[in-house]
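Data first, discussion second: the structure below is written as structure tokens.
The values are calculated or read from the model by the stated rules, or taken from the named source; none is laboratory data. Being a predicted model, the structure only gives us computed values, none of them experimental. Here the Cβ positions follow ideal geometry from the backbone for every residue, glycine too, while neighbour counts run over all protein chains shown. To get the accessible areas, we keep the full protein, side chains included, count just its heavy atoms, and leave off ligands, DNA and RNA. Shrake-Rupley method; radii C 1.70, N 1.55, O 1.52, S 1.80 Å.
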Amino acid sequence: MADPDAFIRCMPKAELHMHLEGSIEAELLLELAARNGLRPRWETPEALRGAYRFRNLQAFLDLYYEGCRVLMQERDFYDITHAYLRRAHSDAVVRAELFLGPQSFTERGIAIEAVMDGVLAAIRDATRNDGISAGLLVSAQRHRSEAEALQLLDAVMPWAEQIAGFGLGGAEVGNPPSRFARYFRTCRERGFRITVHAGEEGPASYVREAADLLQIDRIDHGVACMSDPTLVRLLAERQTPLTVCPLSNLRLNVVPSLAAHPLRAMLEAGLNVSMNSDDPAYFAGYVNDNFIECRDALALSDDQIVTLARNSLTASFLPSAEIANHVARLDAYVADRRLSAAPRN
Ligand code: HPA
Ligand code: ZN
């Protein structure tokens, strides 16, 4: 029998919301710890995976930042980026935009050169070897000050030409987007695309702030907007891209079940939503797992699945001609599948 998930697995798509630090599989994390002479609290990958049960975002972030400690040398940053991009390529991801938060490393005295050169070299190699397109999104941490976010922006300027955009992640409640208005304005003035995590655990008012911030290009998560119909209409009208991560929301108790996830309602409200994995190693699901599990839990139609993929491509930070090429490939893929599924006479 044909694989019922093949349509999703082979469908060209972009992944726009994925944190490199959250993509380190347990085996690789322990290998990096050993390489760097660290003694982690877990001796086996199974034991480490046993710790992946989270009450909320902060409980997850505590473990995620602990995991970051295994990354010390340029080669480590290369290896995690290489591993994710190989996996993404095999999932038919044609464009990946990867968050990385250098402040976790620079605060421990790791040189910014090791971080940036490792990630960027792996991106170049993956493009050359697999043809996958990838871009780096430098992310500031919102539990720190705006001054530190601005310092980070300055510190990565030597790599400006190779940076796809800037973001903001970490502990959301109590740290609204407006606290970082100057950071985002400065990014924008320097010609960068910008995206902000908002409305994951935080309220709809944070999503509204994000939408009202100077020319935000995308909002990460944004699911809390659904409690404010006026805001939903505004986001739908503007077609502001929302990078939604359903399995992340499930694992962090943002929703009680996938069946209760607002993804389908968001699509039906005309919002520009895409499907993403956020931290695939910690949340037991890469982008295709998110598609497949949501299709089953929410009875998504083929058209809705294709819409999610099309939105991921159009919301990417690629130049418009490259976006058009990727969309044409997706359209050809869908037309081809429809043709082969049609009855012959
Ligand atoms: N939310 C906020 N910050 C993050 C996340 C998330 O889900 N993952 C990694 N950093
Ligand atoms: Zn995220």
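Brief remarks on what is shown
- For residue 150: the one exception among (1) open to solvent by 10 Å² or more (accessible area, probe 1.4 Å); (2) within 13 Å of ligand 1 (Cβ to nearest atom); (3) of a type outside the set (S, T, N, Q): (2)
- Members of the range 10-47 that are assigned to a helix (DSSP H, G or I), open to solvent by 10 Å² or more (accessible area, probe 1.4 Å), over 18 Å from residue 86 (Cβ atoms) and among the aliphatic types (A, V, I, L, M): 30, 34, 47
- Residue within the range 250-261 that is within 16 Å of ligand 2 (Cβ to nearest atom) and among the charged types (D, E, K, R) present: yes
- Residues (assigned to a helix (DSSP H, G or I) and within 16 Å of residue 334 (Cα to Cα)) located in the range 292-308: 302, 303, 304, 305, 306, 307, 308
- Qualifying positions in the range 211-225 - over 19 Å from residue 275 (Cβ atoms) and in contact with a Phe, Trp or Tyr (Cβ under 9 Å, 6 or more places away or on another chain): 213, 214, 215, 216
A quick yes/no check of all residues on (1) hydroxyl-bearing (Ser, Thr, Tyr); (2) at pLDDT 95 or above; (3) in contact with a Pro (Cβ under 8 Å, 6 or more places away or on another chain):
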site: 220; (1), (2), (3): no, yes, no
site: 224; (1), (2), (3): no, yes, yes
site: 230; (1), (2), (3): yes, yes, no
site: 237; (1), (2), (3): no, yes, no
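- Taken together, 163, 112 contain a single residue that is farther than 24 Å from residue 330 by Cβ, of a type in the set (A, V, I, L, M, F, W, C), under 20 Å from the mean Cα position of the chain (by Cα) and open to solvent by 10 Å² or more (accessible area, probe 1.4 Å), which is 163.
- Residue within the range 181-204 that is within 16 Å of ligand 2 (Cβ to nearest atom), in a helix (DSSP H, G or I) and either more than 18 Å from the chain's Cα centre (by Cα) or without any contact (Cβ under 8 Å) to a residue 40 or more places away in the chain (or both) present: no
- Complete set of residues in the range 91-104 that are hydrophobic (A, V, I, L, M, F, W, C) and closer than 14 Å to residue 81 by Cβ: 93, 96, 98, 99, 100
- Residue count for the range 1-33 under the criterion of being away from ligand 2 (no atom under 16 Å from the Cβ) and either free of Cβ contacts under 8 Å to residues at least 40 places away in the same chain or of a type outside the set (Gly, Ala, Ser) (or both): the result is 21.
- Qualifying position, being more than 16 Å from ligand 2 (Cβ to nearest atom) and either under 23 Å from residue 246 (Cα atoms) or without any contact (Cβ under 8 Å) to a residue 60 or more places away in the chain (or both), among 76, 62: 76
- The single residue among 171, 164 that is over 18 Å from residue 61 (Cα atoms), within 16 Å of ligand 2 (Cβ to nearest atom) and not in a helix (DSSP H, G or I) turns out to be 164.
- Enumeration of residues in the range 121-142 that are in a helix (DSSP H, G or I) and either over 16 Å from residue 158 (Cα atoms) or open to solvent by less than 10 Å² (accessible area, probe 1.4 Å) (or both): 122, 123, 124, 125, 126, 127, 128, 129, 130
- When 139, 104, 178 are checked against the criterion of being more than 16 Å from ligand 2 (Cβ to nearest atom) and of a type in the set (S, T, N, Q), a single residue qualifies: 178.
- For residue 248, the stated conditions hold: it is within 16 Å of ligand 1 (Cβ to nearest atom) and in a helix (DSSP H, G or I).
- Number of residues in the range 178-208 that are more than 16 Å from ligand 1 (Cβ to nearest atom) and among the acidic types (Asp, Glu) equals 1.
- Pick from the range 248-274, criterion open to solvent by less than 30 Å² (accessible area, probe 1.4 Å) and in contact with a His (Cβ under 9 Å, 6 or more places away or on another chain), ranking: farthest from residue 14 (Cα to Cα): 255
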